[in-house]
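Quick notes on the structure that follows.
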Amino acid sequence: TEASYFYGLLSNKTFSTVLEALQKGQQGMIEDLPSYSQHSQRVRAVPAEDLKAAQDLLKEELDKWEAYLHGQEFLVGHSFTAADAAVWPFLALLARFGLRLSEHWPSVAQYYNRLKTRQSAQKTWPPHWKDSDDKTWLNSF
């Protein structure tokens, strides 16, 4: 079902592998990148072919999300569910890093903007994100 697909994102290493490779490739000049799992990781440049493979995987994943979200407000059903809660942090991080969703994934962009205004999202939004501009690391993606 659609719900099991999105719940599977949490246990699926595809998304985290894609994000990690994109972080390393796009931000190779940054020495330390904060990790929100209570530690920092050292960022190293990755080979161009690995970055390209990660970009292709991310595009493929976002294309799936675009298809799921086309014509509906939430990933599964007509209301906010655990699937939305699971996907939201990844999507917020991609947007924060400068991924221009509206250019290639308009339904995903609308979904992101809708969830961003939710009270729960506003309460958990990192304070420094509210007071600073989004990054441009993924603008060329």
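The values are calculated or read from the model by the stated rules, or taken from the named source; none is laboratory data. Because the structure is predicted, anything quoted here is derived from the model rather than measured. Each accessible area value is taken on the protein alone, full model and side chains, heavy atoms only, with ligands, DNA and RNA left out. Shrake-Rupley method; radii C 1.70, N 1.55, O 1.52, S 1.80 Å.
Observations on the structure shown:
- Exposure of residue 132 as accessible area (Å², to 10), given a probe of 1.4 Å and all protein chains: 50
- Rounded if a/c under 1.5, otherwise prolate or oblate - the stretch 43-141, Cα gyration tensor axes: oblate
- With all protein chains in place and ligands, DNA and RNA left out, the 1.4 Å accessible area ranks 78, 104 as 78, 104, largest first.
- Accessible area per residue in Å² at 1.4 Å probe, computed on the stretch 39-141: 57
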